[in-house]
Amino acid sequence: MIWNPAEKLKRQEMQELQLERLKQTVNRVWEHVPFYRRKMEELGVRPEHIKTLKDVALLPITVKDDLRDNYPYGLFAAPQRSIVRFHASSGTTGKPIVVGYTRNDMEMWTDCCARVASAAGIGQDDICQIAFGYGMFTGGFGMHYGIERVGATVVPASSGNSERQLMFMQDFGTTGLIATPSYVLHLTEVMAQNGIKPSDLSLRVGLFGGEGHTPQMRELIEERLGIADTQNYGLTELCGPGVSYECLENAGMHINEDHFLPEIIDPVTGEALPEGEQGELVFTTLSKEGIPMIRYRTKDISQLNYEPCACGRTNVRMSLVRGRSDDMMVIRGVNVFPSQIEAVLMTVQGIGPHYQIIVTTEHFMDRLEIQVEITDGERLESYAGLEGLIREIRQKLRVVLQIDAKVTLLNPQTLERTAGKSKRVIDKREKCF
Ligand code: ZN
C-alpha cells in the first residue's frame, strides 16, 4: 500500500515542493546556524541565490567531522525548548554525534518510517518484532513509531538474546521481523541448533536495515526462511531509518525525497554527476527543524533511478549501497571498490571466501593483484586447471572493473584470519601528495 500521496507525485509537483522547502531550509540555517552562514559567506552564496533545485550545488558540503566539531549543539537550528528528543550515533572514536528532533521532526520521522513499513506490506494484521537496539541508536525507535502508525502490533524486543527472540516469534506469531540481515542469518543458525523449522514460525516478511544487504545475503535468507524482504536505509545525521526503502518489487530503495533531496557526486572531485551515474550520495534535508543538514556527504556509493516503479510510486530510487567511498580505490583512473571484487570472487567455483587486494606501482603504473585461496589443495597439482581458474577470474574481473588484474592462487588456509574486520586491501603505492 502507498502510505502517503507524496510517494506518487508527478515529477514537476515533487520538484516544486522540493524547491519551496529547500529555500525555507536555506533561510533557516542562514538565520539560526552560524556555522552554515559562515560557510555560505566563504562561498559568496546567499539564500536568495537559490532559484532552482540545481542551485543546491552552490551550497557548502557538510561532513561527519562538522557534526563532531560542533558537538553537541553547534548545528542545531532550533532552541532547546522546542527539541523533544535527542539521539546519538555510536562513535568508534571520541565523541559521538548528537541530533535533536522538534515535535514536527518526530512527526515527519514517524511518517517516513510508516512508508517503510507500508511498502513492505505491513498493516493492521501484522505482529512486528523489532530486533534493533533501542536507546540512543535511532533504529529501534524510528521503526517502532512507523510500524505503530500503520496499525501493526509492535513487539519491542530490542537487540540480542536470540533464544528469547525466537520464543517471542513462536509464541506471539510474529509476522514481520525488523533486524539487520546478518542478524537474521545468525537467527537461522540458532533455529537450526534448537530444531526450530521455518514452518514453526508465522514469519512472512523481513524489514532489513542498519547495514548493507547483498544479493547473496538476500538469496541465503530466502533459502533458509522462505520470506519476502525489503531493505531500508537511513542515517542518524538525517533522521535515522526512513530516508529510503524498498517496496516488494525489490528494485531499489525509494527515497522520501519530499524530505531528503539527493545528489550524486564524484567522491574524488566533489563534482555533481549526471543522472544515472554511480557516485557518492549527498543529501540535503528539506523539512527538518532541529538539525537541518545541508549537502551531507554520506560516504555511501549508490546511483539514482528516476523511472516510475512497477509498484506505482514515483519517488526516485537509489540502488542498494555498493560500498563506502572511504573504501574506494582509484586504480589507473578507474574507481574500484573491494565489494565489486568480492562479488566477482563469490561467483567463482573452487576458491575460498578469503582474499587480499594488493595495489602497487610498477613503472609508474598502478598494478592490481588479487590473492585468493583455492579450496581444493589437489587442484594445485594440475597446471592446466590452475591456468583455467586464473583465466576465469581475470576475465570476470575485467568485465566488472574494466581493468586487468594479476590473480595469484594460494594454498588453502594461507591468508591471515583475523577475528575483527579483516584487512582486505594493502595499498603499497607511493603517494605523490
Ligand atoms: Zn516500488
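The values are calculated or read from the model by the stated rules, or taken from the named source; none is laboratory data. Quantities reported herein were computed from a predicted structural model and do not represent experimental measurements. Virtual Cβ from ideal backbone geometry, glycine too; neighbours counted across all protein chains shown. Surface areas here come from the heavy atoms of the whole protein model, side chains and all, with no ligands, DNA or RNA. Shrake-Rupley method; radii C 1.70, N 1.55, O 1.52, S 1.80 Å.
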For residues in the stretch 233-254 being crowded, with 24+ Cβ neighbours inside 10 Å and aliphatic (A, V, I, L, M), which is nearest to the ligand (Cβ to nearest atom)?
Met253
Selected residue (criterion: farthest from the chain's Cα centre (by Cα)) from residues of the stretch 321-336 that are among the basic types (Lys, Arg) and assigned to a loop (DSSP other than H, G, I, E, B)
Arg332
Please pick out the residue among Ile301, Ile358, Ile294 that is without any contact (Cβ under 8 Å) to a residue 60 or more places away in the chain and away from the ligand (no atom under 16 Å from the Cβ).
Ile301
For the stretch 129-182, how many residues are more than 23 Å from the chain's Cα centre (by Cα), among the polar types (S, T, N, Q) and assigned to a strand (DSSP E or B)?
1
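Conditions tested, residue by residue: (1) more than 13 Å from the chain's Cα centre (by Cα); (2) closer than 30 Å to Arg38 by Cβ; (3) buried (at least 24 other Cβ atoms within 10 Å of the Cβ).
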residue	(1), (2), (3)
Ser287	yes, yes, no
Ile294	yes, yes, yes
Arg297	no, yes, no
Pro308	yes, no, no
Gly312	yes, no, no
Ser319	no, no, no
Does the stretch 117-144 hold any residues that are more than 16 Å from the ligand (Cβ to nearest atom) and in contact with a Phe, Trp or Tyr (Cβ under 7 Å, 6 or more places away or on another chain), and which are they?
Ile127, Gln129, Ala131, Tyr134, Gly139, Gly140, Phe141, Gly142, Met143
Positions within the stretch 1-36 being among the aromatic types (Phe, Trp, Tyr) and more than 13 Å from Pro47 (Cβ to Cβ), in sequence order
Trp3, Phe35
Taking only pairs six or more apart or across chains, which ones have beta-carbon atoms under 8 Å, a first residue in the stretch 398-416 that is open to solvent by less than 80 Å² (accessible area, probe 1.4 Å), and a second residue that is of a type in the set (Phe, Trp, Tyr) and part of a strand (DSSP E or B)?
Leu415/Tyr355
